[in-house]
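Read the structure below first, then the notes.
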Amino acid sequence: MPPTIPPYQQIATEIRTRILTGELRPGERMPSIRQIAGRWGVAVATATKVMAALRDEGLVETKVGAGAVVTAGRGQPAAPQQPGARQRQAGAGIPKQALNRKHTLRTAIAIADREGLDAVSMRRIAAEMGVGPMSLYRHVAGKDELVMQMTDEVFGEAELPAPGPDGWRAKLELVSRLQWELCRRHLWLPRAVSFTRPLLAPNMMEHTEWTLRALDGLGLPMTTRIREALTLHALVVSAALSMAQEAEAEQETGVTLDRWWLAQQERADALLGTGRFPLLTAIAEETVTDVDGLFEYSLARHLDGFAAMLHKDAARPQ
């Protein structure tokens, strides 16, 4: 390949040839993004562009539990098209009024929900919508702004009641569980959140504002109140990252969590059978894998500690 061709296109060409010659058969698993990065010695971002290019051409599709596979019916090259023909064909049924900011964001969110945040690009969204990539820049300036707007759109899905349930604890439980449900629905969301470089997303900021109001009347300084709001959010995000990592592992390997545990059973039995870990042996497997249970336990114990702090402050002589 000429050196002027970008690396991702060179890799995509090699894989495309393997598909069109039948070396990679329809339904066969594709190398994962990490495997592409390792085999060709490129960055994960470059490997992601490779997969996006092959998806845009219709050569690769994503299946739940199997990850990326060669699209059924592939194996012979398609007839060449004139430049822009694919976009015109794909976008023929999309009304012009649908090509707006809302539609762009919901398309990007749908891609991230299915395939993860790394799969989202302006080119991929445009291919999904059947339009030219440049038409999207009227609504978003680039990937960073796109992720911020996606995050804002998702946080807008949760309705925060006014004024909410009675008592600070009930309020903090409510907002934490609302955020937990958002993370369950959109597994990429925890990766989009930063505590040191927070997103200036109005709907997300409304969650923080609501949490600060939930602590009104407790006599707490604003420093304590904002730290409590951030700690609650961090608790949700930390637990949700485990769900996201499991979904990513299933997509890349095609191995479900149940199958993974079955594969580890012999080694686990050998280790636990030595008698060195009597307490670990007594723990039920479902307790370890219950991420919802872990979230609820973490939330309850944190709020117990916060209540104890309030009680201690109230008992302290003024």
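The values are calculated or read from the model by the stated rules, or taken from the named source; none is laboratory data. All of these numbers come straight from a predicted model, not from anything done at the bench. Cβ atoms come from the backbone with ideal geometry, glycine included; neighbour counts cover every protein chain shown. The protein model used for the area step is the full one, side chains on, heavy atoms only, and it has no ligands, DNA or RNA in it. Shrake-Rupley method; radii C 1.70, N 1.55, O 1.52, S 1.80 Å.
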Within segment 271-293, is there a residue that is touching a helix residue (DSSP H, G or I) at 6+ places or on another chain (Cβ under 9 Å), closer than 30 Å to HIS311 by Cβ, in contact (Cβ under 8 Å) with a residue 12 or more places away in the chain and open to solvent by less than 40 Å² (accessible area, probe 1.4 Å)?
no
So the check is Cβ under 7 Å with 6+ separation or different chains; which pairs have a first residue in segment 239-267 that's without any contact (Cβ under 8 Å) to a residue 60 or more places away in the chain and a second one that's of a type in the set (Val, Ile, Thr)?
ALA239/VAL291; SER242/VAL291; LEU257/THR289
Answer yes or no: is there a residue in segment 228-242 that is under 30 Å from THR48 (Cβ atoms), in contact with a strand residue (DSSP E or B) (Cβ under 7 Å, 6 or more places away or on another chain), of a type outside the set (Val, Ile, Thr) and assigned to a helix (DSSP H, G or I).
no
Within segment 167-207, restricting to residues that are among the β-branched types (Val, Ile, Thr) and touching a residue at least 40 places away in the same chain (Cβ under 8 Å), the one that is farthest from ALA240 (Cα to Cα) is VAL175
Filter segment 243-278 down to residues that are over 30 Å from THR196 (Cα atoms), in a helix (DSSP H, G or I) and among the small types (Gly, Ala, Ser), then give me how many there are.
3
The condition from (1) in a loop (DSSP other than H, G, I, E, B); (2) crowded, with 17+ Cβ neighbours inside 10 Å that THR211 misses is numbered (1)
Could you please tell me which pairs satisfy a Cβ distance under 6 Å, a separation of 6+ or placement on different chains, a first residue in segment 141-166 that is more than 14 Å from ILE125 (Cβ to Cβ) and of a type outside the set (S, T, N, Q), and a second residue that is open to solvent by less than 50 Å² (accessible area, probe 1.4 Å) and not in a helix (DSSP H, G or I)?
MET148/LEU199; MET148/ALA201; ASP152/ALA201; VAL154/HIS186
Looking at segment 134-156, can you tell me whether even one residue there is farther than 22 Å from PHE295 by Cβ, at pLDDT 85 or above, open to solvent by less than 10 Å² (accessible area, probe 1.4 Å) and part of a helix (DSSP H, G or I)?
yes
Single unsatisfied condition, VAL131 versus (1) in contact (Cβ under 8 Å) with a residue 40 or more places away in the chain; (2) aliphatic (A, V, I, L, M); (3) in a helix (DSSP H, G or I)
(3)
Just checking, how many residues over segment 158-186 are over 18 Å from LEU299 (Cβ atoms) and surrounded by 21 or more Cβ atoms within 10 Å (Cβ to Cβ)?
1
Sole residue being at pLDDT below 80 and over 22 Å from ALA247 (Cβ atoms), chosen from THR4, THR46, THR62, THR13:
THR4
Count - residues of segment 219-236 that are farther than 17 Å from ARG301 by Cβ and not charged (D, E, K, R)
9
Answer with yes or no whether ARG227 is over 20 Å from the mean Cα position of the chain (by Cα), at pLDDT 90 or above, farther than 23 Å from ALA119 by Cα and open to solvent by 80 Å² or more (accessible area, probe 1.4 Å).
yes
Pairs only if they're at least six apart or on different chains, beta carbon under 9 angstrom, first in segment 35-58 and under 15 Å from GLY116 (Cβ atoms) and without any contact (Cβ under 8 Å) to a residue 24 or more places away in the chain, second open to solvent by 40 Å² or more (accessible area, probe 1.4 Å) and small (Gly, Ala, Ser); list them, first residue then second.
ALA37/ALA43; ALA37/ALA45
Enumerate the pairs (first residue in segment 209-227 and closer than 15 Å to GLY167 by Cβ; second residue anywhere and open to solvent by less than 80 Å² (accessible area, probe 1.4 Å) and part of a loop (DSSP other than H, G, I, E, B)) with beta-carbon separation below 7 Å, excluding pairs fewer than 6 apart on the same chain, so at least 6 apart or on different chains.
TRP210/LEU160; ALA214/GLY164
With within 22 Å of VAL237 (Cα to Cα), in a helix (DSSP H, G or I) and at pLDDT below 90 as the only criterion, which of ARG191, ARG124, ARG169 stands out?
ARG191
When segment 1-43 is examined, which residues are found to be open to solvent by 70 Å² or more (accessible area, probe 1.4 Å), closer than 21 Å to ILE111 by Cα and touching a helix residue (DSSP H, G or I) at 6+ places or on another chain (Cβ under 7 Å)?
ARG34
